Structures are given as C-alpha cells and as structure tokens.
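Below: one structure, written as structure tokens.
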Amino acid sequence: MRIRGLIAFVSVIQAILFLTHFFIYKTWTFAAPGNEASALWLKVTVGALSVSFLSTSLLAFRYTNPIIRTLYRVAAVWLGIVSFLFFAAGASWLVFGVTRLAGVDVNFHAIVEILYAAAVLSGVAGLLNAGWTRIRRVTVRLENLPETWRGRTAALVSDLHLGHVRNGGFLRRIVARVMKENPDAVFLAGDLYDGTAIDAAKAAEPLRGLRAPQGTYFVAGNHEQFGDDSRYLQAVRSAGVRVLHNEKVEADQLQIVGVPYNHATQDGHFQKVLRQIGVDRNRASILLTHAPDRPHIAEQEGIALQVSGHTHEGQFFPWTWIAGRIYRQFVYGLSRIGKMLIYTSSGAGTWGPPLRLGSSPEIVFFQFE
C-alpha cells in the first residue's frame, strides 16, 4: 500500500513537471521561426529536462557519487529556472491578449524572448543570492534574564541542508563565520541534513569547530526525521554538539529547551512534552524547535524566546507568497505572541532549487539585554 502511494505521488509530481515544461515549450514555439531539425532537438531537450529533477532526486536519495551529485545540482538549478520560465510564459500570453484587445499588433515571439531572458536572468540572480550568506544582528530583551546573560550573544543557524548541493565544505565556511563572532552559545535549529544519501559523520565533522562557553545545541528538523534519525543524531553528537530531545539544560541559570520537529507538530502532544520538561515560568527560557508551527503553545507554557527555522522565507516567488500566507507574522524575523518573543530564521542553506529571490540566507546573532 505504501509503495502504491509513493508511485502515485511520484506520478503526480512528474505529470505536473511535464505539463509545466510543455506549456513553456509551446509558448516558445508558437509562431516562432525554425526548421524541423531544430524543433526535434528542442522537443528532445525539453522532454529530458522535464524528467531530470525527479529522476536525479530518486537516485540522490539512494546513492552518492560525483556524477549523481553533479546531475542533481544541475537539475535542481534548472527546476528553479523553470519556475521563473513558467510565469514568464503566462505573462507572455497575458501581454499578447491585452495588446490584441487594444488593437496593437505585436511580435508575440519577441515578447516571449524578452520575458524568457528575464526569467533566466532572475534564476541566475537567485543562484548568486543563495550563495551570499548574510549576518543578522537582533537585540532581544527577556523578562527575568539572568544578570550573567546581559550583554552576551548567541548564534542561530538553521536549515543548512547538507547533501548533494551543499556539503561539509559549506558547513566549514558557516562554522568559521560563526566563530569569528565568538558567541556565548550556538543554536542549531534543525535540517542540518537534506535527507539525500550522504556520509553523515563526515559531513558533520566541521561542527567540532563550534565551541561556545555556554554550549552548542541541536534539535532535529523534519529532514532528519523523514525516517530513522539515529545516524544523523549520532553524527552530530560525535562532533561534540549537544542534541536536545524533549529536554532542558541549564546554561548559567538560563533555561535552554529543545523539542525536535516530530514532537511539535500537534498542539496536545507539544504541550504535554513542554509540561513534562518542566519549564520554570519565573525564569527566562529559550526554546529550540525547528518549525514556528505552534508558538501559541510555547507561549502558554511560559517560554520567553522561541527560535526556529523551516520556512526558508519561501526562497523565491511564488513560494515566498505561499509561505507568508501559511506562517503569516511568523514566516520570518522577530515577532511577539503574548509575552513570548519568537525568531524565525530564513536559514543558511536551501532545499530543492538552490535559488533565493525575495529571501536571503542568514546566520543570526542575538544580543541579550
């Protein structure tokens, strides 16, 4: 039954990808000059590209080698560009229809060429932007914050998605940038891994360089928990990072709480977990949990600051708009619910297409006052 469901899901996704490519192709070839040989070459190319991402993804979840990693990266970048091309195709028909209604004679293929060129340039800009990690500095004021923590800093890194697109080299650069700031604590808010085939221990090795006086802490995200998360968590522990699993630690009188993704997806269970942990409402606390799905539960249980990731701020249009509709005020940045502050990071890496347009990758540094 599970295999049938998977086959059905894959079939639906592939059908959507094929229809998207077909729409882009038909828009390009409508009233376009050309010959049969070039038309056949274009059909074959578009057909191959339409199956590229799904086929390489299926391979990437089972195998890892230089060829598969390269093919997956190319297919992932292409998938992002296809998103822009799809909207460019739709805009082409919209412009064509409006000009026809207005009685203006335009060259339809010239419109398509201009909009398709803009779509490709947008994809290139998104690719470059995704590789430029910003430093965000956020000042937070927490009630009952221990005096020892005033003036201290903590780093938040989420959603690195180590796998076939980014690997240990990327993590090493992130670690170097974090340690340059000498934070007092480091929070890793999940999705360190992408879920594709990877040597988890080797990829996590650069985490050994994260050394903070008040500790380095990790909670699992949904990508670690697609299946058995034990190998990922063991790799993180072996690199010297404290994995928090429904527990609380004391860091110089500050309560640091960690709840992994799959224990924070339902109101009742999430609330039960937090109550079992035993957060002292009269003292400041920081909750690490991957997604900003249920901040009202954390606020009810007396958490002072929740730090999360997961949303990626949508990465690029239209997903930026969709993420905003789903998570609203909690999609990105610092916000408040009741007495609790919550910060949602856009993440340092990417999932799927390694593109960002309308969002930026980041490392966050909190300054406590």
Practice task
Pairs only if they're at least six apart or on different chains, beta carbon under 9 angstrom, first in region 205-224 and without any contact (Cβ under 8 Å) to a residue 40 or more places away in the chain and farther than 12 Å from residue 290 by Cα, second part of a loop (DSSP other than H, G, I, E, B) and among the β-branched types (Val, Ile, Thr); list them, first residue then second.
Solution key: 207/241; 208/241; 210/241; 216/241
Exercise for the section: Could you pull out the residue among 78, 93, 132 that is under 20 Å from the mean Cα position of the chain (by Cα), over 30 Å from residue 302 (Cα atoms) and surrounded by 14 or more Cβ atoms within 10 Å (Cβ to Cβ)? Expected result: 78
Handout entry: Total residues in region 232-280, condition closer than 19 Å to residue 156 by Cα, in a helix (DSSP H, G or I) and of a type in the set (Val, Ile, Thr)
Key = 1
Practice task
For region 349-369, name all the residues that are under 13 Å from the mean Cα position of the chain (by Cα) and part of a loop (DSSP other than H, G, I, E, B).
Solution key: 349, 350, 351, 352, 353, 354, 355, 356, 359, 360, 361
Problem - Checking residue 21 against (1) more than 30 Å from residue 349 (Cα to Cα); (2) assigned to a helix (DSSP H, G or I); (3) out of contact with any Lys or Arg (no Cβ under 9 Å at 6 or more places or on another chain), the condition it does not meet - result: (1)
Exercise for the section: Could you tell me which residue of region 30-60 is nearest to residue 72 (Cα to Cα), considering only residues that are among the polar types (S, T, N, Q) and at pLDDT below 90? Expected result: 45
Handout entry: Some residue of region 292-305 being within 17 Å of the chain's Cα centre (by Cα), surrounded by 24 or more Cβ atoms within 10 Å (Cβ to Cβ) and not β-branched (Val, Ile, Thr)
Key = yes
Practice task
Determine, yes or no, whether residue 40 is touching a residue at least 40 places away in the same chain (Cβ under 8 Å) and either more than 26 Å from residue 127 (Cα to Cα) or surrounded by fewer than 12 Cβ atoms within 10 Å (Cβ to Cβ) (or both).
Solution key: no
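May I ask you to verify whether residue 218 is of a type in the set (Phe, Trp, Tyr) and more than 21 Å from residue 287 (Cβ to Cβ)?
Criteria not met by residue 218.
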Completion exercise
Here the qualifying pairs (Cβ atoms under 7 Å; residues six or more apart or on different chains; first in region 161-178 and over 19 Å from residue 362 (Cβ atoms); second aromatic (Phe, Trp, Tyr) and part of a helix (DSSP H, G or I)) come out as 164/72
Exercise for the section: Answer yes if at least one residue in region 126-135 is aromatic (Phe, Trp, Tyr) and in a helix (DSSP H, G or I), and no otherwise. Expected result: no
Completion exercise
Picking from 305, 287, the residue that is closer than 23 Å to residue 363 by Cα, touching a helix residue (DSSP H, G or I) at 6+ places or on another chain (Cβ under 7 Å) and in the same structural domain as residue 192 (by TED's automatic domain parsing) would be 287
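The values are calculated or read from the model by the stated rules, or taken from the named source; none is laboratory data. This structure is a prediction, so every number in the text was calculated from the model and none was measured. Reconstructed Cβ throughout: ideal geometry from the backbone, glycine too, with neighbour counts over all protein chains shown.
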